[in-house]
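Taking it in order: structure first as structure tokens, then the write-up.
The values are calculated or read from the model by the stated rules, or taken from the named source; none is laboratory data. Predicted, not measured: the structure shown is a model, and the values here were computed from it. All Cβ positions, glycine included, derive from the backbone under ideal geometry; neighbour counts span all protein chains shown.
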Amino acid sequence: MSKIVGIQFKPDGKIYNFESGHFVLNKGDKVMLVTEEGPAVGCVCTEPRNRPPQVPQRPLQKVFRLATEEEISRFEENARLEQEVYEACLERVEARELPMSLVGVERRFDGSKFVVFFTADGRVDFRALVKDLVKRFRTRIEMRQIGVRHQAKMVGGLGTCGRPLCCASFLSNFEPVTIKMAKEQNLSLNPTKISGMCGRLMCCLSYEHGFYEKMKKNLPKIGKKVSTEQGEGRVVRQNVLMETLTVALESGEEIEVGIGDLTKDGLFIKKKKPPKE
């Protein structure tokens, strides 16, 4: 059975899983890979291992072969040129006062072109900038505008939880995230509390959204009239994880009760699980 290895294309970059095939690979080896953008050199950053359960059971791309000394030298030269182009591009952006923020530069392994990634609030006329770069480096320059989420994915960093950003470590696609997800999880709607490093709503708000939707089906809605042992009242808050309710009684007092503690003459009765045979 073929094992999988983790491959990085950039130092401290995202780790991608590839099938090791019949190659005997060790941590630190440079390998040739065939990607959607063409051939590329990657570094083995994990020892070959059996596919863990959390890795989706879909076909993975295979390691093409071990990289030669010449290919490794070209890979290192590309990294040096990427930094040189980035610094030159940053200097011209400042000189021309363009309303854009540079994110990074990538050079195709075959040297066919440089791709410059940037963010901006709107459309930017970068034709003069491209002419400056082409004149200096005598190669094709492609400017690619990305969003702030993709910027965070490329740059990386630590989230408020103290762990590496999800988008830079394991997320492959960005799922839609809405403020409704935060509301249903009873989270503070303070933007600084629910926004990620990119300034957008945190991707992790969507992780437990389905669970909260399912659990809330067993709870009376906010404003629902219920009966408790201490009298009738209305639900003002829900604790989904604890399956408890905060009920405002007609006397003005607030009490916390479990949904199993609601009296039978109330307007909401929790469905009991059938007894085990």
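Would you mind stating whether G111 is of a type outside the set (S, T, Y), modelled with pLDDT under 90 and outside the structural domain of G38 (by TED's automatic domain parsing)?
On the way: of a type outside the set (S, T, Y): yes; modelled with pLDDT under 90: yes; outside the structural domain of G38 (by TED's automatic domain parsing): yes.
Yes, satisfied.
Being touching a Lys or Arg at 6+ places or on another chain (Cβ under 9 Å), surrounded by 15 or more Cβ atoms within 10 Å (Cβ to Cβ) and aliphatic (A, V, I, L, M): is that true of V5 here? Talk me through it step by step, then tell me what you get.
Values: touching a Lys or Arg at 6+ places or on another chain (Cβ under 9 Å): yes; surrounded by 15 or more Cβ atoms within 10 Å (Cβ to Cβ): yes; aliphatic (A, V, I, L, M): yes.
Yes, satisfied.
Which one of these is loosely packed, with under 14 Cβ neighbours inside 10 Å, among the aliphatic types (A, V, I, L, M) and either within 27 Å of G199 (Cβ to Cβ) or in contact with a Ser or Thr (Cβ under 8 Å, 6 or more places away or on another chain) (or both): A152, A95, A120? Write out each step before concluding.
Working: A152 fails: loosely packed, with under 14 Cβ neighbours inside 10 Å; A95 fails: either within 27 Å of G199 (Cβ to Cβ) or in contact with a Ser or Thr (Cβ under 8 Å, 6 or more places away or on another chain) (or both).
On inspection, the qualifying residue turns out to be A120.
Please go through the stretch 13-25 and pick out each residue that is under 28 Å from the mean Cα position of the chain (by Cα) and either of a type in the set (F, W, Y) or part of a loop (DSSP other than H, G, I, E, B) (or both).
Filtering the stretch 13-25 down to residues under 28 Å from the mean Cα position of the chain (by Cα) leaves 13-20.
Across the stretch 13-25, the qualifying residues are G13, K14, Y16, F18, S20.
Applying the selection to the stretch 223-248, what residues are in contact with a helix residue (DSSP H, G or I) (Cβ under 8 Å, 6 or more places away or on another chain), assigned to a loop (DSSP other than H, G, I, E, B) and over 18 Å from K183 (Cβ atoms)?
E229, E243
Inside the stretch 165-183, can you point out the residues that are in a helix (DSSP H, G or I) and either under 12 Å from Y207 (Cβ atoms) or among the aliphatic types (A, V, I, L, M) (or both)?
So in the stretch 165-183, the residues in a helix (DSSP H, G or I) come out as 166-169, 179-183.
Within the stretch 165-183, C166, A168, I179, M181, A182 qualify.
Considering every residue within the stretch 62-71, establish whether at least one is modelled with pLDDT of 90 or more, farther than 17 Å from F9 by Cβ and of a type in the set (S, T, N, Q).
Scanning the stretch 62-71, I find at least one residue that is modelled with pLDDT of 90 or more, farther than 17 Å from F9 by Cβ and of a type in the set (S, T, N, Q), so the answer is yes.
For S2, which of the numbered conditions (1) in contact with an Asp or Glu (Cβ under 6 Å, 6 or more places away or on another chain); (2) modelled with pLDDT of 85 or more; (3) more than 22 Å from M154 (Cα to Cα) fails to hold?
Condition not satisfied by S2: (2).
Each row is one residue, and each column tells you yes or no for (1) farther than 28 Å from R200 by Cα; (2) surrounded by 15 or more Cβ atoms within 10 Å (Cβ to Cβ); (3) in contact (Cβ under 8 Å) with a residue 40 or more places away in the chain; (4) more than 30 Å from the chain's Cα centre (by Cα).
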position: E69; (1), (2), (3), (4): yes, no, no, yes
position: E82; (1), (2), (3), (4): yes, yes, no, no
position: Y86; (1), (2), (3), (4): no, yes, no, no
position: V115; (1), (2), (3), (4): no, yes, no, no
position: V148; (1), (2), (3), (4): no, yes, yes, no
